[in-house]
Amino acid sequence: MRLFRHLGFSSSTRSHRYFTARISHTPNSVSSFNLTSLRLTTSGDISPNPGPPITSFTTNRRAVKHRSHHHSHRSNVVQVNRVSDLHLSTSNTQLTMCTLNARSISNKSALFVDYVDECKADLVAITETWLSDNDSAVCYEITPAGYKLLHCPRGDRRGGGTALLFRDNINVSKLETVSRISFESSEYLVCTGSLRFRLAIIYRPPYSVNHPVTVNSFIDEFSEYLESVILSNDVLCLTGDFNIHVDDHNDSAACRFLDLLESMSLTQHVTEPTHELGHTLDLVITRTSDNLISGRPSPDILFSDHLALLFKLKTPRPPLKVGRVSFRKLRSIDKSAFADEICNSELLQTDTEDPDELAALFNNTLRSLLDRHAPVKQKNVTIRTRVPWMNHEIISAKRQRRKAERKWRASKAHIDLLSYRAMRNRVTFLSNEARSAYYTNFITENSTDQRRLFRAKFTLLSESEVFDLIKASSKKSCLLDPIPTKLLTDFADVLLPPITKIINLSLDSGYFPRIWKSALVRPLLKKDGLPLVFKNYRPVSNLAFISKLVETVVAKQLQHYLNGNNLFPVFQSAYRQNHSTETALLKVTNDILLNMNSQRVTLLILLDLSAAFDTVDHDTMLRRLESSFGIQGKALSWFTSYLSGRTQRIMINDSLSEPFKLECGVPQGSCLGPLLFSLYTSKLFEIIEYHLPTIHCYADDSQVYISFSPNDRAEQLAVVRSMEDCIRDIRLWMLNNDLKLNDDKTEFLIIGTSQQLGKLDNISIRVGDSDIHPVPIARNLGSWFDSRLSMATHITKICASSFYYIYNIRRIRKYLSQQSTETLVHAFITSRLDYCNGLLYGLPDCLLNKLQQTEHYSESRNVSEIALDARTPNFGCHFEKHCMTFKGTAAKETSSFIKSENMVF
């Protein structure tokens with residue numbers, strides 16, 4: 001009966017006038033209501049329900065004013081003070097913190113995000129997240145706009161896990177913790193305003209078969225833990241689910257636990273039940289002297305079988321940033337009038353043959369028209385990260401939902417309850433539809449058909465070829481574009497003549513317009529989670545859209561010239577017809593396998609260059625284009641113009657540096673840069689010819705290898721010396737050509753059969769000032785090589801990566817259309833399974849079956865859900881076509897490589 005009373009029901013037919021708690025909004029229409037009770041916020045001798053005291057749950061939801069049915073004289077009314085309530089007794093400017101036991105946050109993501117928005121929590125400590133390291137999609141889903149999430153999953157079995165959600169204007173760093181047997185913990189250093197405190201989130205699993213640890217064992221271990229943190233100089237706060245009934249004074253373990261806290265001068269602040277069965281399990285503990293908590297923690301909605309716990313910290317909330325933003329109302333443009341003004345502009349009337357003048361006129365005309373039809377406006381806004389799929393229809397529906405909820409609470413009529421449920425379901429439906437549309441548009445805009453680019457013919461272009469090129473290009477824009485690329489494509493039919501003329505003028509005159517030589521560089525972190533230091537950033541150049549079209553044309557024309565005249569270095573596999581990273585790896589693997597069959601061991605070194613594209617010398621580059629590749633006349637003039645006089649500006653947020661000249665390097669972010677770098681390093685192959693080792697390259701990735709007999713000690717020493725001499729000459733050549741070999745990141749493997757490797761002594765290679773030793777596994781052009789070339793590690797890594805994406809695509813499947821799901825499955829799963837299949841030829845079935853099972857799992861877990869959908873009955877057919885066995889695929893690909901007339905073995 002207590003549980004039913006807590007959920008808002010009673011065996012009595014009498015209406016509950018004082019029940020005013022909001023119910024939580026669940027993410028689907030079939031979810032039931034989680035109802036929580038509201039205690040009366042009065043004290044003294046007056047009670048709306050006289051009678052014996054009953055233990056009840058409390059909440060901090062808004063109170064509703066009620067009319068009294070009794071007449072009274074104001075002189076007889078005693079002023080009643082309210083009990084200290086979270087929303088009433090403390091200022092909204094204080095930091096709000098929430099502690100909750102989620103009991104699987106993944107199936108409550110919509111409820112969680114909605115609750116965080118409702119309670120305006122600044123910090124949320126979560127226990128029993130049930131998350132794993134692979135749950136990136138769930139983490140993204142439960143992280144509301146303007147927040148960040150740090151989580152610590154349980155490693156040894158399902159369940160458990162802790163996490164901290166915090167506003168992104170609060171400085172939080174995760175601290176290292178020691179693994180404990182009886183409880184899970186994660187620690188964070190939180191800095192906000194003048195307050196800096198150490199936050200520990202604790203979860204103690206109850207005694208079970210899988211966790212046979214008693215409460216007394218926990219208290220002993222927790223005592224040791226407290227001794228390690230109690231002397232910290234920082235303010236201390238411990239919170240979480242301790243699974244100890246601290247409200248039960250007859251519980252000996254609870255009494256011992258509370259005595260431990262008291263002996264260490266710690267205060268436990270929660271005094272009300274936090275579990276649906278009426279016990280206090282979720283705690284907030286601080287030093288008695290710290291004076292961190294304002295008021296008492298207050299239980300709120302029933303989130304799982306635990307109530308959420310809200311409390312205030314005695315520190316002000318950090319203010320939200322206010323910034324001045326600029327924007328244009330592009331949707332308000334009259335497209336017909338805009339097109340007419342382009343047709344009547346000087347841009348379409350000019351007969352100039354000066355590339356600089358025409359490029360400048362193109363930019364100035366379009367900017368002027370854009371300023372006239374959609375002028376830049378500015379306003380001060382509070383900077384918040386917003387939900388990208390939120391729209392006015394959803395916001396309006398949420399208002400109607402709140403209105404329906406208030407009406408139902410006032411009347412308690414069943415018809416109003418049905419009306420409220422209908423509005424709640426409509427909000428959920430609109431949110432899912434908007435999210436689905438957002439993901440579909442995002443996937444569509446970021447997937448380009450590269451095959452359409454490869455079919456283009458690049459000499460002097462016709463308008464239809466330029467149109468195809470524009471449609472096939474990425475629609476991304478940067479500040480250098482006179483109008484957004486999306487708007488340019490909308491008016492492509494009107495702008496085709498001047499765009500075609502600009503491209504052809506540049507090619508025909510051998511001149512790259514000055515206005516296109518400026519780049520905006522946004523430093524991008526190479527990988528999420530890396531320290532924010534200079535070496536971990538990649539400088540990617542943002543270039544004007546039209547300039548990238550010209551670069552694409554030149555890159556294709558140059559490739560066609562080099563391939564047609566066999567000018568590419570034989571062992572350079574980048575940017576060549578019938579060559580790829582897979583053919584490069586297949587060549588190296590084939591040589592190593594032949595060595596193993598001849599009872600020889602292969603010494604393979606993987607060279608790493610530092611900032612390779614940034615140090616290319618322009619004069620050397622131009623001389624090499626002319627002397628080694630026969631590029632002369634206007635073509636050479638074009639490259640001279642392209643490389644000279646370049647500038648760039650660094651952009652961080654909305655701040656721009658002053659422009660500075662680039663005396664060396666090729667732009668990163670351009671399609672022409674990597675191709676030019678491959679030609680720049682072509683002389684490297686001439687150095688290798690004077691040494692015994694063989695080299696194979698793909699752009700700036702180089703593999704140097706040589707074989708020897710494990711039975712011949714003298715040959716082994718000679719091979720090591722030869723390799724060291726070869727690398728010494730490579731380093732010297734790179735130094736003379738302004739390139740730098742990264743000695744510390746250079747790796748090498750010794751590859752052979754187990755019997756052959758067992759005959760070797762310890763081998764090390766001198767590279768510069770470093771002695772490098774062999775590694776058992778190394779990553780090589782997206783694959784993994786091991787010392788026996790078994791490819792077992794490669795297959796394990798591919799399967800693990802595929803399962804990671806299978807799981808995360810399933811998490812967002814309900815928001816995706818048929819086509820979007822197919823695009824994601826191919827982009828992140830089948831593309832990985834198919835990569836370097838030629839290397840798998842001849843492997844045992846026990847390894848190939850892992851890949852086959854992964855693909856079948858991808859079908860059964862992702863595609864079947866779609867195939868069973870009545871709206872997409874034929875979706876699974878595509879995957880039936882793809883289900884060739886990996887043994888057959890590997891054999892087929894290897895055969896096609898061998899038959900290729902341009903493949904070098």
State whether the residues of the stretch 675-687 include one that is under 30 Å from residue 476 (Cα atoms) and either of a type in the set (S, T, N, Q) or within 28 Å of the chain's Cα centre (by Cα) (or both). yes
Any residue that is assigned by the TED database to the domain that holds residue 169, surrounded by 12 or more Cβ atoms within 10 Å (Cβ to Cβ) and within 30 Å of the chain's Cα centre (by Cα) - is there at least one of those in the stretch 300-307? yes
Filter the stretch 748-774 down to the residues that are over 17 Å from residue 609 (Cβ atoms) and outside any loop (DSSP other than H, G, I, E, B) and list them by number. 749, 750, 751, 754, 755, 756, 757, 765, 766, 771
Out of curiosity, is residue 189 outside any loop (DSSP other than H, G, I, E, B) and surrounded by fewer than 19 Cβ atoms within 10 Å (Cβ to Cβ)? yes
Sort out which residues of the stretch 776-806 are under 27 Å from the mean Cα position of the chain (by Cα), hydroxyl-bearing (Ser, Thr, Tyr) and under 23 Å from residue 604 (Cβ atoms), and write them in order of number. 783, 793, 796
Is it fair to say residue 872 is modelled with pLDDT under 90, hydroxyl-bearing (Ser, Thr, Tyr) and part of a loop (DSSP other than H, G, I, E, B)? yes
If residue 690 satisfies all but one of (1) surrounded by 20 or more Cβ atoms within 10 Å (Cβ to Cβ); (2) at pLDDT below 90; (3) among the aromatic types (Phe, Trp, Tyr), what's the number of the condition it fails? (1)
Suppose we filter 149, 100, 165 for residues that are surrounded by fewer than 21 Cβ atoms within 10 Å (Cβ to Cβ) and either part of a strand (DSSP E or B) or in contact with an Asp or Glu (Cβ under 8 Å, 6 or more places away or on another chain) (or both); which single one remains? 149
Does the stretch 775-795 contain any residue that is within 23 Å of residue 856 (Cα to Cα), in a helix (DSSP H, G or I) and out of contact with any strand residue (DSSP E or B) (no Cβ under 8 Å at 6 or more places or on another chain)? yes
For residue 149, are the conditions met, namely being in contact with a strand residue (DSSP E or B) (Cβ under 6 Å, 6 or more places away or on another chain), within 21 Å of residue 812 (Cα to Cα) and not β-branched (Val, Ile, Thr)? yes
State yes or no: is residue 589 in contact with a strand residue (DSSP E or B) (Cβ under 7 Å, 6 or more places away or on another chain), within 30 Å of residue 788 (Cβ to Cβ), of a type in the set (Ser, Thr, Tyr) and modelled with pLDDT of 90 or more? no
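For (1) surrounded by 20 or more Cβ atoms within 10 Å (Cβ to Cβ); (2) of a type in the set (Asp, Glu), each residue gets a yes or a no:
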residue: 537; (1), (2): no, no
residue: 544; (1), (2): yes, no
residue: 547; (1), (2): yes, no
residue: 552; (1), (2): yes, no
residue: 559; (1), (2): no, no
residue: 583; (1), (2): yes, no
residue: 589; (1), (2): yes, no
residue: 608; (1), (2): no, yes
Can you tell me which residue within the stretch 806-825, out of those that are hydroxyl-bearing (Ser, Thr, Tyr) and assigned to a helix (DSSP H, G or I), is surrounded by the most Cβ atoms within 10 Å (Cβ to Cβ)? 821
What single numbered condition from (1) assigned to a helix (DSSP H, G or I); (2) at pLDDT below 90; (3) more than 15 Å from residue 551 (Cβ to Cβ) fails to hold for residue 631? (1)
Given the structure, is residue 340 outside the structural domain of residue 236 (by the TED database), exposed (fewer than 15 other Cβ atoms within 10 Å of the Cβ), modelled with pLDDT of 90 or more and not aliphatic (A, V, I, L, M)? yes
With respect to the numbered conditions (1) of a type in the set (A, V, I, L, M, F, W, C); (2) under 20 Å from residue 569 (Cα atoms); (3) in contact (Cβ under 8 Å) with a residue 24 or more places away in the chain; (4) not assigned by the TED database to the domain that holds residue 748, which one is the sole condition not fulfilled by residue 622? (3)
I'm checking my understanding of the structure. Among residues of the stretch 414-435 that are of a type outside the set (A, V, I, L, M) and in contact with a Phe, Trp or Tyr (Cβ under 6 Å, 6 or more places away or on another chain), which one is surrounded by the most Cβ atoms within 10 Å (Cβ to Cβ)? 420
Hey, can you tell me all the residues within the stretch 254-282 that are outside any loop (DSSP other than H, G, I, E, B) and in contact with a His (Cβ under 8 Å, 6 or more places away or on another chain)? 254, 255, 275, 282
Would you check which residues across the stretch 123-146 are over 15 Å from the mean Cα position of the chain (by Cα), among the hydrophobic types (A, V, I, L, M, F, W, C) and assigned to a loop (DSSP other than H, G, I, E, B) and list them? 130, 131
Residue check: is residue 330 over 30 Å from residue 234 (Cα atoms), touching a residue at least 60 places away in the same chain (Cβ under 8 Å) and either surrounded by fewer than 17 Cβ atoms within 10 Å (Cβ to Cβ) or not assigned by the TED database to the domain that holds residue 244 (or both)? yes
Based on this model, can you work out whether residue 771 counts as assigned by the TED database to the domain that holds residue 702, over 27 Å from residue 742 (Cβ atoms) and over 27 Å from the mean Cα position of the chain (by Cα)? no
Given the stretch 644-747, what strands (runs of 3 or more DSSP E) lie entirely inside it while holding 1 or more residues that are basic (Lys, Arg) and touching a residue at least 40 places away in the same chain (Cβ under 8 Å)? 647-652
Tell me whether the stretch 315-324 contains one or more residues that are under 30 Å from residue 273 (Cβ atoms), in contact (Cβ under 8 Å) with a residue 40 or more places away in the chain and not in a helix (DSSP H, G or I). yes
Out of 410, 404, report the one residue that is aliphatic (A, V, I, L, M), closer than 19 Å to residue 111 by Cβ and modelled with pLDDT of 75 or more. 404
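The values are calculated or read from the model by the stated rules, or taken from the named source; none is laboratory data. As the structure is a prediction and not an experimental result, all values here were calculated from the model. Every residue, glycine among them, receives a Cβ derived from its backbone with ideal geometry; neighbour counts consider all protein chains shown.
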